[in-house]
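A short write-up of the structure that comes next.
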Amino acid sequence: MRLSFRVLAVGLFAVSPAAFALQMSDPAEQAGDTVQHISDQARDQIHRQTIAIYGQVSPYLDLPIKKLQHQIDDLDGLKIDEDQTGLDSLLQHISETVSAQMPRIPNLAAREDIALEEEHIQVQGGGGSRGRGPVVSVASPEMVLKAERRYEFVIRRRPSGDLQIFEESRKELGTSKDPIMPPQATGFSGLWMLFVPGVVEEQRFRYLGTQRIHGRQTSVVAFTQVPERVKVPGVIRGMDGDVPMLQQGLVWVDEDTSRILRIRTDLLTPLPQINTTRLTSTVEYSEVHLPGLDEKLWLPRRVELLWTMNARNGGEIHRYSNYRLYKANVRIITDTTGTTPIDDVP
């Protein structure tokens, strides 16, 4: 079964339970009322479904830190600190840093290289001993590269109430001799939006300690979405309908700048409804200087996604490069690799 993952936990992307309200363009008042009514119904339904699935779940945030460190390899090297007195101040600095960048982000284009991986199990057969049948041995499964694709990746912003909506789109560059499914996961590059005011209140947090990554000293915080507080949960889109997706995770924050260097998210609980036991994302951020603009932005450079569905493992690695300004209704600036420009909307 193919599933499509879309991070809609903070209402950032075009497809969401609230999309009906965002799409109101009919001048007739009656049509507008109907669309809003449908939106309210959809929101209430997904909220009830969210509570039913996640209401009694215990997040790994509540585990002893040493046990959590043992379970998650990314915490290797963590210097544990149980003192929570500075947590509120740390969260305030993170939120202020993210919020300060939001109005400075223009419409952007970038090159996106995606590698799709899947689990491969090698089965070997051999002759048995006399009087016995053939012997079959199964090697340990490993992740192997299935396909690679290159895309023109576009992020466009537009206001929606008190939030800035960042819409993703992409268009494959070149032609593929072996057509495969499009990327199964979208939206993870905007996970830092979980820390903006109005969204950060939907979560619980716990300070874990300090850790050095990429040569920088970071504060490490665990977080979990709280089912009763989440207004617009994420969505896993399957053939039989949408399943709400709540997340728990970790964030690594530069102690000097309060910038997010890395975010990891995991499902808050396995979802047997769609035979999914794991969905992990890890987003790495770095400073980007845009040509022709005196701005240094903090943008994703790499996203790794790993999932386990139907007892099989899969994954995607997204790499972003050549960020530049995107201008609507004109051709995108050719990148330094000589890629042919493409038209407005991927």
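Only lysines eight or more places from LYS67 in sequence, or on another chain, were considered; those with a Cα closer than 28 Å are LYS79.
By how many nm would the segment from ILE105 to SER58 lengthen if fully extended, with 0.36 nm per residue of separation less the alpha-carbon distance?
Between ILE105 and SER58, full extension yields 13.3 nm more.
Ranked for footprinting exposure by Cβ neighbours inside 10 Å, fewest first, SER58, SER286 give SER58, SER286. May I ask which of LYS66/LYS296; LYS296/LYS327; LYS171/LYS327 have a Cα-Cα span longer than 26 Å here? Distance filter (> 26 Å) returns LYS66/LYS296. Cβ crowding within 10 Å, taken as a proxy for footprinting-reagent exposure, orders MET102, MET239, MET193 from fewest neighbours to most as MET239, MET102, MET193.
Computed from the coordinates by the stated procedures, all read-outs in this text should not be read as laboratory data. These numbers were taken from a predicted model, which means no experiment stands behind them. Because the Cβ atoms are built from the backbone with ideal geometry, glycine has one as well, and the counts that use them run over all protein chains shown.
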